[in-house]
Amino acid sequence: MYKKIVVAIDGSDHSFLAAEHAIQLAKLQPGTHVEGIQVLDYEKTKADVLHSTDPIQLQSKRDEKLQRFRDAFEAASIQYKLIMKHGEPAPMILEHARDTRADLIIIGSRGLNPLQEIVLGSVSSRVAKRAKCSVMIVKYLS
């Protein structure tokens with residue numbers, strides 16, 4: 001089935017749900033490796049740095065966001081790796097999936113309305129359109 005799964009992680013509930021799906025799939029196939037990729041968007045990173053007075057505190061906040069992902073993978077005894085990259089999210093996720101020969105990309109959907117999606121675009125739809133492997137878009141239902 002899937003031996004290498006890349007899951008997009010940004011610290012949101014949407015991405016945590018995507019990670020939970022990755023865990024469930026990995027449990028079905030022993031030996032599956034999951035890589036969580038967090039892409040720090042240049043514009044958001046720049047704003048975070050400008051508004052932060054303490055770079056150590058900023059990094060600590062980023063690490064805190066990822067801790068629940070680490071805890072979930074470790075509790076499920078799933079082989080995983082968390083990777084942080086800088087750039088535009090969709091291209092970086094696609095590049096990483098290609099470079100690691102992923103079988104599946106799992107990504108959460110923010111659930112933009114049609115107007116927002118036209119104006120803003122959506123990382124999940126860009127990934128789905130351009131991926132060279134299977135893509136699972138997980139929708140968060142509130």
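The values are calculated or read from the model by the stated rules, or taken from the named source; none is laboratory data. Computed from a predicted structure; not experimentally measured. To get the accessible areas, we keep the full protein, side chains included, count just its heavy atoms, and leave off ligands, DNA and RNA. Shrake-Rupley method; radii C 1.70, N 1.55, O 1.52, S 1.80 Å.
Of all residues in region 99-142, those being at pLDDT 70 or above and open to solvent by 70 Å² or more (accessible area, probe 1.4 Å) number 11. Restricting region 9-57 to residues that are hydroxyl-bearing (Ser, Thr, Tyr) and open to solvent by less than 70 Å² (accessible area, probe 1.4 Å), the residue that is modelled with the highest pLDDT is 32.
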